[in-house]
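J.: Please see the structure below; I have some questions.
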Amino acid sequence: MLRILTFTSLINKIIFKEEKLKEKTLCFKEGISLKNWKEIKIEYFDREFSIKVPNHCEVLEMKAVPPMSDPRQKIEEALDNPIASKKLEKIIEDNSKDPSSITVAIAVSDNTRPVPYNCDDKEGILLPILNRLKMGGIKKENISIIVGCGTHQATTKQWKKDAFGTDIVNEYKIVDHDCYSEDLEPLGMIQGIPVKVNKAFWDSDIHIITGLVETHLMAGASGGRKAVCPGMVNIGATQVFHGPEFMENKNAANLVFKNNPCHEFALEVAKRTRVDFSVNVILNGDTRLCGVFAGELEKAHQLAVDKIREYTQVEVDSEYDIIVTHGGKGAVNHYQALKAADGTIPVIKEGSIVILVAHNKDVEPIGNEHYKRLMRVFVEKGLGNYLPMIKDPKWQFTPDQWEPQKWEQFFLKTGAFDNLIYCTTNISPKDLDLLPGTSGYTLVEKSSPKIEEIVQNAVLYAIHKKGKDSRMAFVKQGFYVVLKKSSNCE
């Protein structure tokens, strides 16, 4: 069972951090001039802000990929020419039922993935799919849109309107998957585990999945089979997918698929569930649509992966003392912001300072209660003690336990909690003080600072700690970039 920090110990930690603040604000700006520094722009939810960094700071960025010039036409072309699959119209035609009685389920991503769905957006992929179904004779009332929340919280009605458009929300049935529901369809045993899937999806005559293919720190890449697992499975299957054994496997990493236990398990679950058609998209560094891959589950996903591999990987020839990165639009909470920290692991060393910017604008800016409790336990236990705890046979599996495990891998590489400077304006200073790392709030004296001030001071503080000539880099697209060390890396 979880051992929660006592009130007294939490207060002591806050007081300790406040004392450290007094030390920092007295000296870390001394002797550092920004006069001849260059400007960089950092993404923060729906805007960018600017700070200054030393001229020697390297900018690590993906290859430029232009957005689609006519996205609506390109979406239609992808649906007209599916990869290794029949067209949607043919799938409907080949069904033994009359089209008016055929039921269709469409799996969509939740608010942790910036998939362009909105019917009012020329890059939106959902309306073209729905139009094809309509032209094929499928009735609106026979279509279910299922939000693959996995273990995440259910999405709000307002988010659905923003994500899909008011017309789709008003005209179609949209439900959030509940991994704890008793009303899930058993798929049988997979790798010795009883796996169940969303019943509304299973019971439908035609199964369609959608998603965003981007790098993923555990499964290699998102999209494809992940729409089913962990998106629409039972909590028991999630316990395997996110279990400590899978998470500590060296192949459970960005753009790794061979012998990746997360990828292989999810793919097996998706195949058994049966996916009749898939529509995956890829985005460029500005989160604009730059590719649509429709068709068969595996082959369409593989082509999308091949494409992102071309432009997301960045090879560097040195480890860095200081890295500035951000969580992009997907960093809706602290839980999701991990991806940006994890992405720096290949190019940091013990003592490196990572400055992480995350907007965290979700209704739960840290994460759910499981995650918050586990992170407090992680802090209390100390580095190197979390993984042995959750691998102990007496440990009772707790949802989201995998995320502190991945945080621990990051902190073990940097060598200390304080080597992460976490910068946000949407987690309260009190709550951020209880999470691992240095709170960006402790580097400013204002009670309600702007994110620009927090991050600029974080840079000054890091340079004060590591020296003016320290190796420094800015990861322009945050966790979307896959950093790799070259063979001659020092």
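J.: Please state which of the following conditions N131 fails to meet, knowing it meets all the rest: (1) in a helix (DSSP H, G or I); (2) touching a helix residue (DSSP H, G or I) at 6+ places or on another chain (Cβ under 6 Å).
T.: The number of the failed condition is (2).
J.: Something else about it: Where in segment 402-490 are there helices (runs of 4 or more DSSP H), lying wholly inside it, with at least 2 residues that are buried (at least 19 other Cβ atoms within 10 Å of the Cβ) and among the aliphatic types (A, V, I, L, M)?
T.: 451-466
J.: Of all residues in segment 298-321, how many are among the small types (G, A, S) and either within 18 Å of the chain's Cα centre (by Cα) or in a strand (DSSP E or B) (or both)?
T.: Of the residues in that region, 1 qualify.
J.: Since D94 meets every condition but one in (1) modelled with pLDDT under 95; (2) exposed (fewer than 11 other Cβ atoms within 10 Å of the Cβ), which condition does it not meet?
T.: (1)
J.: Hey, can you tell me all the residues within segment 388-401 that are in a helix (DSSP H, G or I) and charged (D, E, K, R)?
T.: K391
J.: Please return the ranges of strands (runs of 3 or more DSSP E) entirely within segment 150-201 where 2 or more residues are loosely packed, with under 13 Cβ neighbours inside 10 Å and either in the same structural domain as S109 (by TED's automatic domain parsing) or free of Cβ contacts under 8 Å to residues at least 60 places away in the same chain (or both).
T.: 184-190
Let's see how each residue does on (1) modelled with pLDDT of 95 or more; (2) more than 20 Å from the chain's Cα centre (by Cα); (3) within 21 Å of I125 (Cα to Cα):
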{"residue": "E248", "(1), (2), (3)": "no, no, no"}
{"residue": "A266", "(1), (2), (3)": "yes, no, no"}
{"residue": "V275", "(1), (2), (3)": "yes, yes, yes"}
{"residue": "E296", "(1), (2), (3)": "yes, yes, yes"}
{"residue": "I323", "(1), (2), (3)": "yes, no, no"}
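J.: Then there's this: What number of residues in segment 269-282 are more than 18 Å from L184 (Cβ to Cβ), crowded, with 24+ Cβ neighbours inside 10 Å and either outside the structural domain of V115 (by TED's automatic domain parsing) or not aromatic (F, W, Y) (or both)?
T.: Residues meeting the conditions: 4.
J.: Return the pairs, sorted by first residue and then second, in which the second residue is of a type in the set (G, A, S) and surrounded by fewer than 16 Cβ atoms within 10 Å (Cβ to Cβ), the first residue lies in segment 375-393 and is in the same structural domain as F411 (by TED's automatic domain parsing), the beta carbons are less than 9 Å apart, and the residues are 6+ apart or on different chains.
T.: E380/S9; L383/G415; L383/A416
The values are calculated or read from the model by the stated rules, or taken from the named source; none is laboratory data. Quick caveat, the model's predicted, so the values are computed rather than measured. A quick note on method: Cβ atoms are made from the backbone with ideal geometry, for glycine too, and the neighbour counts reach across all protein chains shown.
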